[in-house]
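Chemist: Dropping a structure here in structure tokens format, bear with me for questions.
The values are calculated or read from the model by the stated rules, or taken from the named source; none is laboratory data. Values in this document were obtained by computation on a predicted structure and should not be read as measured data. FYI the Cβ positions are ideal-geometry reconstructions off the backbone, even for glycines, and counts take in every protein chain you see.
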Amino acid sequence: MYTQIKDIEHIKDLTAELPREFALMLKGGLCTRKIISYDREDDLFYVDDLCTGCISSYTEAQLAEQTNIVRAARRGALYMDNNN
């Protein structure tokens, strides 16, 4: 079961307590999976790209500019995996 993500505030709310796994739907029916956590104290997102194995940290502005996560949420193409 998956929860469709609405916006960056939704991501913050879901990942502030513990990391969550997300599926980002791509064109052609493909998807990429990421584990995202949010640190309220430092105001940073931590993203583990499960396809590449890279772990990166981002401010909110960087997350919007340097990744496709926020854009996917706005387009209705970002889902949290409720099973993990």
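Chemist: Any residue at all in segment 21-42 that's modelled with pLDDT of 95 or more, surrounded by 12 or more Cβ atoms within 10 Å (Cβ to Cβ) and part of a loop (DSSP other than H, G, I, E, B)?
Modeler: no
Chemist: Looking only at segment 3-20, filter to residues that are surrounded by 15 or more Cβ atoms within 10 Å (Cβ to Cβ) and of a type in the set (A, V, I, L, M, F, W, C); which one of those is nearest to Leu78 (Cα to Cα)?
Modeler: That would be Ile5.
Chemist: I've got another one for you. Restricting to segment 51-84, give me the number of residues that are surrounded by 16 or more Cβ atoms within 10 Å (Cβ to Cβ), in contact with a helix residue (DSSP H, G or I) (Cβ under 8 Å, 6 or more places away or on another chain) and under 17 Å from Lys6 (Cα atoms).
Modeler: Qualifying residue count for the region: 8.
Chemist: Would it be correct to say that Asp49 is at pLDDT below 95 and within 12 Å of the chain's Cα centre (by Cα)? Spell out how you get there, then give the answer.
Modeler: Values: at pLDDT below 95: no; within 12 Å of the chain's Cα centre (by Cα): yes.
For Asp49, the condition - at pLDDT below 95 and within 12 Å of the chain's Cα centre (by Cα) - is not met.
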